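K.L.:
This is the structure I have questions about; it appears just below.
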Amino acid sequence: MSTSKLPARPSLESLRKQAKKLARDIVAGDTDAIYRARAQMPRAELPLSQRDAQFVLAREYGFPGWKDLLKEVEQRLGRGLEWAVFEARRVIHDNDTEALRQLLAEYPKLLSWKADENHGGLLGIATGSYGDSGDTSAEEHFTRAACAELMIDAGAVVMPSVCEELLQSHARGLLQLFRRKGLLPPTLKFLAALGDIDAVHAGLNEGGDSLAVVTEAFSVACGFKHDVIALLLLDRAIVLDPDLGAHVDASVERPTFVKYFIDNGPQHATEVGLWKAFVMEQVGRAVSSQSGHDTSVASPSGDSDLAAFRRLLHRETWLLGEAFVQFQVGIIERATLKNRGDFITALLDLDPAILRYQPPPPSQAIEFAFTYVRTHLIPLLTRIWTLPDDLPHAAGMGNLPRVKRWFDASGAPALGEVGNHHPCSPYMPKGRVEEYARQWSAQSVQRVLDTAFAWAVMNSHLDIADFLLAHGADINTSWSSHEPASILHELVFHANYQSMQFLIDHGIDMTIQDYRWNATAQGWALHAAKDQKMGQWLADAQERRGQISALKPGDP
């Protein structure tokens, strides 16, 4: 049994590496590592998950568990509040109101903590939705109402961004909670979100002469599917903007126009106006459509989605101008996600302003090409953006000689400034850089190695994956295209059995659970991808691994 003593200035990264090494050594059959695990967890199944390896290490250092060790590390480094924020995030995610209550009592500054002016603090974490909370079930999954109410009652600072997020996520339950607590601004858009038609009427009578305010309220009403209120607001918008009425009445008529907004939620209405937002959404839906044209609005009979896309761009040439470069970026990103290179080609053939825009606007298009296995689209994307010269992109492209150049003669990473590498490289939109730093982990050499490894595996460059694994990449990285999970989770949606087998053969922890649903990769296969065959394949692989680990030395 180890009698390790925690250094006066401990390194959290070093402790995590120690836990990872313990897990790897057990997979390799190291008898000392196995003895250490058995000493702390006699009934644990081997190999250990990363969580169990961290527990063993914490016990060896004399702490009840990993979170107790983390707390001590942060306090010794003078970052007690940082630890408390980290722990509060965890207990909010687990919806553990009692643990949150204890944390708030011990660290009252948590109630006013915020990462930046645009971040809603811990209350924003409890109320924010990764996805749409438009129905009761989704809201229960994505938000933590009990934790939010606890923090509100304890005096949490309510940032304006928190209330705005309720509108964006369509969280009806939380909206009512904030209304009961007297926290909602009495503006037209919040009245529209609540579905209070009498209050909307009163709001229009008192100050409904701003087209921007009415337009925003209309969009919110559509987001919450309040069709009667939306139609009322559309009528007022047309009074303020007769040209809008001419367009709508000559094409799809008002009730159909409202239904389209309710069904599809066009964006940017407050920036460009309702009619242009309607047209932009039609263009975007043509890219996303997978079978024929969009029949939710009037369209020439027989139009294919690509033909409709070209027709709209030829007719609405303003979409190709410099004022709509960000829209052009969005179309290219959407086409990359959907693997529809013909739409990117069709757009670029019309000589849009994005081809001449300097410097090129930030975009996730290249990131999407690597993360979603679309690297065959890179030649199209590099007509606009330069492929970053860093380790992850070299790995994702399968360029082994360039990958090796990011390591010195001893085999250690030689990355230079890590901020110049994905996932925090300068070409990314600022919001994405902040998201990685806040929700995942700060940029580091390990994060770069793990991202490069993930992209190599996802894009089936297994020789490069093998090289990176031998040079420090973590096979159990929490990398994922959205929220922390594992590479094995991600591969489920690509049915890439070869890469999945590579990970399994190299000892990936198949019990890793994703951040949001607490599900293994097998769970994703069964319930998200709805692929029973893959779910059984993963279950069989897990069973074979268990049988192998159960064999004693000398067994056949």
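K.L.:
Could you state the angle between the C-alpha long axis of helix 66-76 and the longest principal axis of the C-alpha atoms of the chain, as a value from 0 to 90 degrees rounded to the nearest 10?
P.N.:
90
K.L.:
Grab the beta carbon distance between ASP68 and ALA529, set R0 = 35 Å, and tell me the FRET efficiency rounded to 0.05.
P.N.:
0.40
K.L.:
Relative to the longest principal axis of the C-alpha atoms of the chain, give the angle of the C-alpha long axis of helix 197-207, reported between 0 and 90° and rounded to the nearest 10°.
P.N.:
Compared with the principal axis, the helix lies near 70 degrees.
K.L.:
How far apart, in nm, are two points set 7 Å out from the Cα along the Cα-to-Cβ line at LYS17 and at ASP540?
P.N.:
4.0
K.L.:
Between ASN205 and ASP135, what FRET efficiency follows from the Cβ-Cβ distance if R0 is 41 Å, with the result rounded to 0.05?
P.N.:
Between ASN205 and ASP135 the formula returns 0.80.
K.L.:
Figure the gain on full extension for ALA353 and LYS109 (residue separation times 0.36 nm, minus the Cα-Cα span) and round it to one decimal in nm.
P.N.:
Extra length available between ALA353 and LYS109 comes to 83.0 nm.
K.L.:
Also, I was wondering about something else. Among 88-97, 390-399, 219-228, how do they line up by average Cβ neighbours within 10 Å per residue, starting with the highest?
P.N.:
390-399, 219-228, 88-97
K.L.:
Related question: Counting helices only, and only those DSSP H runs with n ≥ 4, report the 222 nm mean residue ellipticity of the chain as the sum of -39,500 (n - 2.57) divided by its residues, in deg cm²/dmol to the nearest 500.
P.N.:
-16500 deg cm²/dmol
K.L.:
OK, next. For a quick check: sort SER133, SER251 by the number of other beta carbons within 10 angstrom, fewest at the front.
P.N.:
SER251, SER133
K.L.:
Let me ask another. Among rounded, prolate and oblate, which fits segment 266-387 when a ≥ b ≥ c are the square roots of the eigenvalues of its C-alpha gyration tensor, a/c under 1.5 means rounded, and a/b larger than b/c means prolate?
P.N.:
Oblate.
K.L.:
To the nearest 10 degrees, how steep is helix 242-251 against the longest Cα principal axis of the chain, on a 0 to 90 scale?
P.N.:
80
K.L.:
Could I ask something else about it? Quick one: 3J(HN,Hα) in Hz for segment 506-523, Karplus 6.51/-1.76/1.60 with θ = phi - 60°, rounded, Gly and Pro as x.
P.N.:
Coupling constants for segment 506-523: 9, x, 4, 6, 7, 9, 4, 10, 6, 5, 7, 9, 6, 10, 7, 4, 4, x Hz.
K.L.:
Filter the cross-link list LYS109/LYS181; LYS189/LYS225; LYS114/LYS338; LYS20/LYS109 down to pairs whose alpha-carbon distance in this structure exceeds 25 Å.
P.N.:
LYS114/LYS338; LYS20/LYS109
K.L.:
Okay, next question. Search the structure for amide H atoms under 5 Å from the amide H of PHE407, placed 1.01 Å from N in the peptide plane, and list their residues when 5 or more places away or on another chain.
P.N.:
The answer is ALA414.
K.L.:
Moving on. Taking 0.36 nm per residue of separation and subtracting the Cα-Cα distance, what length does fully extending ASP235 through ALA28 add?
P.N.:
67.5 nm
The numbers here are math on the coordinates, done by the rules we state, and not lab data. Just so we're clear, the structure is a prediction, and the values are computed from it rather than from any experiment. All Cβ positions, glycine included, derive from the backbone under ideal geometry; neighbour counts span all protein chains shown.
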